Amino acid sequence: MTATSAAPFSPEEIAAEGLKPEEYAEIVRRLGRHPNKAELGMFGVMWSEHCCYKNSRPLLKQFPTDGPRILVGPGENAGVVDLGDGLQLAFKIESHNHPSAVEPFQGAATGVGGILRDIFTMGARPIALLNSLRFGSLEDAKTQRLFSGVVAGIAHYGNCVGVPTVGGEVYFDSAYSGNPLVNVMALGLMETPEIVKSGASGLGNPVLYVGSTTGRDGMRGASFASAELSNESMDDRPAVQVGDPFLEKSLIEACLEAFKTGAVVAAQDMGAAGITCSTSEMAAKGGVGIELDLDKIPVRELGMVPYEYLLSESQERMLFVAHKGREQELIDIFHRWGLQAVVAGTVIAEPIVKILFQGEIAAEIPTEALAENTPLYHRELLTQPPEYALKAWEWTPESLPSCTTAGVEISGSLQSWNDILLTLLDTPTIASKRWVYRQYDHQVQNNTVILPGGADAAVVRLRPLEAIPNLKSTIQNLKLGVAATVDCNPRYVYLDPYEGAKAVVAEAARNLSCVGAEPLAVTDNLNFGSPEKPIGYWQLAEACRGLAEGCRELATPVTGGNVSLYNETLDSQGTPQPIYPTPVVGMVGLIPDITKICGQGWQAAGDVIYLLGLPLASKISLGASEYLATIHGTIAGKPPRVDFDLERRVQKVCREGIRAGWVHSAHDCAEGGVAIALAECCIASNLGAEINLEIPRTQLQRLDELLFGEGGARILVSVPSKHQEIWESYLQEHLGKEWQKLGMVGNSDTDLGVLTADNQTLIKVRIKDISDRFYNAISRRLAIHTTTSQS
């Protein structure tokens, strides 16, 4: 059918593939004809935002991607960094937001499976998982169903496949009511002599399909992930994949064994867009073409047509290019592991993806049109911040009711500082996530050094299962560890995307420094609303600018990541409701000696407590704070500005103090400020603390700013009294006046007490009471819902 003949598809059919009219016209121009149904579907998924980043690619170019430890940067299945001593770490973060909104268990489970495949496709053995989750209010029954289903899905897949889930974060806010976020990060230790890349090469080399069979599950999942959620989306369950973690475990072992033979030229996971994506990307990256025969593909359902083969996102599947003559060697390995393995195609010289079906050509498209030369949209950036931000920035603390040592008046009732502390600790975003991580196997593989909830970042021992080429140390002598964290305060980013995104990077690095790790590199997951709306694009562009600056300032290059746009829910009137802009940063850090780390809980009565960073007398705003949102119901103000020079110095001092053996606990001051950080340190250790705020009245600002203000590059540390003199001398030399002695750790019978300079009590709470609020906040809400629904 020629390009000038009438289109064989209606505008509705074209739109159903996620394509705009002008994009369809471009397809016709490039092909010189109208596409057939299978080709239309291929363009639909490959030109989706999920696959080609057509709105975000120009913005991503500003990220720093080079560094002395970077071995593989953006463009491959995962980033790889050099840890020294012959050890290399692969890591990546991915989202599975829309599938989890429709089918929370399978959506989250297959998100775990997909990110693991990105890791072992590089030749790395997965060693750890983390997740960053966002949900609506936990008081809502629908949120509770989504929350419980997502956590169960993550637990099911990770536990069954045998990879520990060692850390993460969970936020609850009504902005995510209809569109939860499920971001999963994985780490892996390289086991193969060479890093496995995805570019096909070698004309005539066989193309192998390996792993599971192909069915109709996950149809058009990439396009589904690139559109707003609506009531109709809830019926789109075929777009949600179904995973098998036990099969994936076999796939991990078979792939690593196959890679070590040297018979594999290139490998690509069949994730989003399935066969379409793997064939086109492998061919495009290698500058060659691939011919694939669908009749050779193992199937689990009868009567499938090319459109279904090409767009299926059935899980646990891979595509290999093998050295000619060695294909049977690889097939035998996969068969031994009980997996499918067939030669399904060939590498060809012409740079096209040629798909055969029942002896005929089912699709024939230039690889560049599918995977490289895809649409690109340079959108116009607002010349000034949108009205919602300008209005929020007008907020000042003077609008709050006055406060005294007795507390603050809320809605005509005096709330003591004890009451406010307990209320904040009971807030699901701040409260312990014990209900979540107790469902995860966080100790499988026996390398988890700090358990979830014990520190600001996860710590994993680097212990190869077998000999690794070029390893410079014996396995018995290895003390190297890796720390990892995922972070994002979305309220900060909503109120000021540029400053908020900088704060995300700073907090991630601070969390790593609190366990003694040196930050190395970043993988990011950009979760935003529609870039086609001026506010949505402004948020995305400004956040990318902030992330880029933060990564440059803290020398943590970006090795890759994921972009998830159109995170919006259409309400009953059809009006899109976007999520908060949520650029999640996954950061990894190196620990030279895992015997020299620390957690967040106090270690011994009598240890001295210090605040690193801006002292309490410094002016810290309540803008964008958890206190302002939870206690006063106000989302306003500007988030704290990041002082990168102070961040670098504070973090270095913390790391050096830990490695020198002076610092015995460290915890950053984040949501809820110093008061919440002090409470969390007491809860983690079951030890009290006596804090004396030795601040002259002339320097004393609002007490709520002092207790609950956020920012200031602050870290709480405890130091044994025998190291006090050398520690304070070190602080004076490296931080000058930007530190403060706060008090002393008590024993298990001591309360958390916070006194003013003239010995007036601001806070005095029993550790038992704050622990109960902190540990049971989430389970209590879920139990209330269960009881109500059964009555």
For the chain, place one equal point scatterer on every Cα, skip the solvent, and apply the Debye formula. What is log10 of I(q)/I(0) at q = 0.08, 0.10 Å⁻¹? -0.66, -1.00
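Just want to confirm a number: the relative contact order over the range 239-393, from Cα pairs under 8 angstrom separated by 6+ residues, in percent. Before the final figure, lay out the partial values.
Details: 209 pairs, mean separation 49.2, N = 155.
RCO, the range 239-393: 32 percent.
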In degrees, nearest ten, helix 104-120 long axis to first principal axis of the chain (Cα): 80 degrees
Give me a comma-separated list of calculated 3J(HN,Hα) values for the range 242-251, in order, Karplus coefficients 6.51, -1.76, 1.60 applied at θ = phi - 60°, integers in Hz, x for any Gly or Pro. 10, x, 9, x, 5, 5, 5, 4, 5, 5
Which whole-Hz ³J(HN,Hα) couplings does the range 6-23 yield from phi under the Karplus relation 6.51 cos²θ - 1.76 cosθ + 1.60, θ = phi - 60°, glycine and proline marked x? 5, 5, x, 10, 6, x, 5, 5, 5, 5, 5, 8, x, 9, 8, x, 5, 6
From the phi angles alone, apply the Karplus equation (6.51, -1.76, 1.60; θ = phi - 60°) to the range 56-70 and give each ³J(HN,Hα) in whole Hz, x where the residue is Gly or Pro. 9, 4, x, 6, 6, 5, 7, 5, x, 10, 10, x, x, 9, 7
Based on alpha-carbon positions alone, could you give the equivalent ellipsoid semi-axes of the range 595-749 from the gyration tensor, as √(5λ), descending, whole Å? 25, 18, 15
Provide the solvent-accessible area of Glu409, counting protein heavy atoms only and rolling a 1.4 Å probe, rounded to the nearest 10 Å². 100 Å²
Applying 1/(1 + (r/R0)^6) with R0 = 45 Å to the Cβ-Cβ distance of Gln603 and Asp66, what FRET efficiency is obtained, to the nearest 0.05? 0.70
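For the range 378-490, what class follows from the C-alpha gyration tensor (a ≥ b ≥ c being the square roots of its eigenvalues): rounded when a/c is under 1.5, otherwise prolate if a/b is larger than b/c, else oblate? Before the final figure, lay out each step's value.
Working: a/c = 3.63, a/b = 1.78, b/c = 2.04.
Oblate is the answer for the range 378-490, as a/c is 1.5 or above yet b/c matches or exceeds a/b.
Using a 1.4 Å probe on the protein chains only, how many percent of the accessible area of the chain belongs to carbon and sulfur? Please list the in-between numbers first.
On the way: 13740 of 27750 Å².
Its accessible area is 50 percent carbon and sulfur atoms.
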Loop trypsin sites (Lys or Arg not before Pro), the range 620-674 (other Cβ atoms within 10 Å of the site Cβ: 15 or fewer; DSSP): Arg641
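Just to check, using Stokes-Einstein with a Kirkwood Rh over alpha carbon pairs, what's the diffusion coefficient of the range 313-394 at 20 °C and 1.002 mPa s in µm²/s?
Values: Rh = 18.0 Å.
Roughly 119 µm²/s, to the nearest whole number.
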Taking only Cα atoms, what is the 0 to 90° angle, nearest 10, from helix 724-735's long axis to the longest principal axis of the chain? 60 degrees
Among 359-372, 497-510, 670-683, the order from most to least packed when residues are scored by Cβ within 10 Å on average: 497-510, 670-683, 359-372
PRE reach from Glu733 (point 7 Å along Cα→Cβ): which of the range 704-724 fall under 17 Å by backbone N? 723-724
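So what is the relative contact order of the chain, in percent, for Cα pairs below 8 Å that sit 6 or more residues apart? If you can, show how the numbers build up before the last one.
Details: 1953 pairs, mean separation 115.8, N = 791.
After rounding, I find 15 percent.
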In the range 45-203, if every C-alpha pair distance is counted and binned at 10 Å from zero, what percent goes to each bin? 11, 33, 34, 18, 4, 0
Cys654 accessible area, assembled protein chains, probe 1.4 Å, Å²: 0 Å²
Residue pairs, from the table Lys502/Lys741; Lys142/Lys433; Lys741/Lys764; Lys20/Lys296, whose Cα atoms sit over 22 Å apart: Lys502/Lys741; Lys20/Lys296
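Just the accessible area per residue of the chain, please: how many Å² with a 1.4 Å probe?
Working: 27750 Å² over 791 residues.
On a per-residue basis, the chain sits at 35 Å².
Using r as the Cβ-Cβ distance of Asn692 and Glu725, and R0 as 22 Å, what FRET efficiency do you calculate, to the nearest 0.05? Please list the in-between numbers first.
Numbers: r = 20 Å, r/R0 = 0.89.
For Asn692 and Glu725, the calculated efficiency is 0.65.
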Counting helices only, and only those DSSP H runs with n ≥ 4, report the 222 nm mean residue ellipticity of the chain as the sum of -39,500 (n - 2.57) divided by its residues, in deg cm²/dmol to the nearest 500. -10500 deg cm²/dmol
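The values are calculated or read from the model by the stated rules, or taken from the named source; none is laboratory data. None of the values given here were measured: they were computed from a predicted structure. Heads up, the Cβs are rebuilt from the backbone with ideal geometry, glycines too, and the neighbour counts pull from every protein chain shown. Note: accessible area is taken over every heavy atom of the protein model, side chains too, but ligands, DNA and RNA are not part of it. Shrake-Rupley method; radii C 1.70, N 1.55, O 1.52, S 1.80 Å.
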